[in-house]
Amino acid sequence: MYKIIKAEQLADKIYLMDVEAPRVARACEPGEFVIVKTAEAGERIPLTICDYDRDKGIVTIVFQIVGASTQKMSALKAGDSFRDFVGPLGRPSEFVHEDLEVLKNKKMLFVAGGVGTAPVYPQVKWLRNHGIDADVIVGAKTRDMLILEDRMREAAGNLYITTDDGSYVRKGMVTDVVRDLVEKQGKHYDVCVAIGPMIMMKFVCLLTKELDIPTIVSMNPIMVDGTGMCGACRLTVGDQVKFACVDGPEFDGHLVNFDEAMKRQQMYRTEEGRAMLKLKEGDTHHGGCGHCGGDE
Ligand code: NAD
Ligand code: FES
């Protein structure tokens, strides 16, 4: 059992939990994820890691209520426990293994959208802890939906906040800020990391392609079981078929076929859609997730 040390609501339907998981805390790196389960027969929920304290053995997760399982999770309080807390899974962010001297000469831009701010934070914090200041753009629908502002302010070199409705700092989408920084303020970036809703990542990538900034995205939103078994997270990257949970979750955003991924994500939501995917992709969509019937 994995004890919840702290449970806090950050915004409407968005929760943060500090969980006692010493082995995961010791081994995890930015970009990786965990799978949590509230009960033996419960759904496996893949969540990117938001923070970790190796000394205290604590891993921080942030999640949004999107269905029955996350609704159930949101009711857990400090002192309650998760049945399973498996990880770290996936591959760490590429820069973690880069030569530090080379990395120090790179100017990095992070673009975080909504709940995607949570997986961006450990990356920016890691860089700060290694003496590298990154520029960070955080976008939220409204001021009330902005999360982790204080932590991000501490970790970022420069923090640019924008809200869709203009209720805080400035009005506009994250892409407006990217364009502003590059075209009006003359900033140069060697690499951009964009994490947020699929539609945001798609439009950030279209823009950074135009601006010639290599861009990494996190395809965590299309994962279902997170174990490489269900096939839900299949996506096309360039001319290759990849699985977000085992090959990612981070990929070259300029090569990801977002339209296909978003269409698959929609289809996966219905029984009919899952049956269609199974028919078309039988070889890889082989079940195991408990949703698709592929393992019956
Ligand atoms: P949201 O809809 O509030 O969007 C966040 C920001 O993204 C907006 O404020 C805006 O600046 C930007 N954005 C949205 N649409 C855009 C567009 N068309 N063009 C340019 N910018 C745009 O975000 P939310 O409600 O917090 O998003 C929830 C989604 O985030 C869920 O679908 C979840 O799966 C996903 N998510 C992704 C990751 C990941 O690893 N990629 C992690 C956590 C959550
Ligand atoms: Fe990747 Fe199921 S989430 S195969």
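All of the numbers you see were taken from the coordinates with simple rules; none came from a lab. Quantities reported herein were computed from a predicted structural model and do not represent experimental measurements. Cβ placement follows ideal geometry from the backbone for every residue including glycine, while neighbour counts extend to all protein chains displayed.
I'd like the antiparallel share, as a percent to the nearest 5, of DSSP beta bridges with both residues in the chain.
60 percent
Using a Förster distance of 25 angstrom, determine the FRET efficiency expected from the C-beta separation of THR270 and ALA39, and round it to 0.05.
0.50
Using the beta-carbon distance between MET1 and ASP55 and R0 = 30 Å, what value does 1/(1 + (r/R0)^6) give for FRET efficiency, to the nearest 0.05?
0.90
What net charge is computed for the residues neighbouring ALA194, neighbours being all others with C-beta under 13 Å from the C-beta of ALA194, Lys and Arg scored +1, Asp and Glu -1?
Cβ neighbours under 13 Å give a net charge of -1.
Between region 111-169 and region 225-281, how many Å separate their Cα centres?
After rounding, the separation between the Cα centres reads 27 Å.
Put +1 on the Cβ of every Lys and Arg and -1 on every Asp and Glu Cβ in region 1-86; which of SER81, GLY67, PRO30 then has its Cα farthest towards the positive end of the dipole?
Value computed over the given set: SER81.
Go from 0 up to the bin containing the longest alpha carbon distance in region 147-225, width 5 Å each, and give me the % of pairs per bin.
Answer for region 147-225: a P(r) of 3, 13, 20, 25, 22, 11, 3, 1, 0 percent.
Please sort through the DSSP H helices of the chain and keep those with an alpha-carbon extent of at least 27 Å along the long axis and a Kyte-Doolittle average not below -1.0.
Qualifying helices, which must be both long enough and hydrophobic enough, do not occur.
Under the definition of Cα pairs under 8 Å and six or more residues apart, what whole-number percent is the relative contact order of the chain?
The normalised contact order for the chain reaches 15 percent.
If each residue of separation counts as 0.36 nm, what is the full-extension length gain between GLN185 and LYS278 once their alpha-carbon separation is subtracted?
28.6 nm
Under 1.5 on a/c is rounded, so check that first for region 159-292, then, if it is not, pick prolate when a/b is larger than b/c and oblate when it is not; a ≥ b ≥ c are the square roots of the alpha carbon gyration tensor eigenvalues.
The shape class here is prolate.
Using a basic spin-label model with each label point 7 Å from the Cα along Cα→Cβ, how many nm lie between LEU206 and ARG91?
Label-label distance for LEU206 and ARG91, simple model: 2.8 nm.
As a check on your grasp of the helix formula, calculate [θ] at 222 nm for the chain: sum -39500 (n - 2.57) over DSSP H runs of n ≥ 4, divide by the residue count, round to the nearest 500.
For the chain, the value works out to -7500 deg cm²/dmol.
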